[in-house]
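Notes for the one structure printed next.
Derivation of every value follows stated rules applied to the coordinates shown; laboratory data play no part. None of the values given here were measured: they were computed from a predicted structure. Neighbour counts are summed over all protein chains in view; Cβ atoms, including those assigned to glycine, are modelled from backbone coordinates with ideal geometry.
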Amino acid sequence: MGDDTSAPHVRVRNRRGEGARLRHEIVAAAVELLDETGDESAVTLRSVARRVGIAAPSIYRHFPDQPAVMLAVVRSAFDELDEQLRGAMEAAGDAPRERLMALCGSYLRFAQAHPGRYRTMFGGLWVPDLSEGSVTEDDMVALGQESLRLLAEALEGCVAAGRAVSDDVPADAVALWLGLHGLAHQRAVAPSFPWPPDIAERVIATLAHFTDE
């Protein structure tokens, strides 16, 4: 999709010292383009600049290249996901099993609500060339670590309360995430499939090794 699909904005120049605001606007514009098109290739420096209402070279004051913009988009998406996961657990109360179920449900809802962002977060759309550009392997490894930590912490709470069994919580947390990720992906690519209404609960209960207590 070409850059001309995004209407230009007339932008009021930031006052001195407001560079952080422009950086935020650049990331927000990139997120909007990704959500609208579902296509990472639509997020170019030119299209982002057009959306913000600035000249493309102005982006270089904040990001060295397009992959750096995409990295900021993905980091922002993970921050949003983590905030929603924490909120879901807090709303669920103190019961460990309910907290884990709430976290998993929130994860699946995020994937459904933001399909383009979700695929980009997990390499379905965006796989940067680490041999070129500014994005490093360490940058990529760090993505999603907090989400996985929250999942493992919730599972550990179930094990400690006797609501789940596991002899390797970190590994079982990864297995549970893979189950959630697979379900989220398949729901997106096969929406007409007759999914059982309780398929999420079945996946979670099995991979979390819930007890019958």
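So what is the relative contact order for the chain, in percent, with contacts set as C-alpha pairs under 8 Å and at least six apart?
Relative contact order comes out at 19 percent.
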Q) Could you give the distance between the Cα centres of the stretch 76-117 and the stretch 149-182, to the whole Å? A) 15
Q: Identify which of Tyr107, Tyr118, Tyr60 has the largest mean-square fluctuation in a Gaussian network model of the chain, with springs joining Cα atoms closer than 10 Å.
A: Tyr60
Q.
For q values of 0.08, 0.14 Å⁻¹, compute log₁₀ I(q)/I(0) with the Debye formula on a Cα-only model of the chain, without solvent.
A. -0.35, -0.89
Q) What's the longest bit of the chain with no exposed trypsin sites (Lys or Arg not before Pro), using DSSP loop states and at most 10 other Cβ atoms within 10 Å as the test? A) 17-213
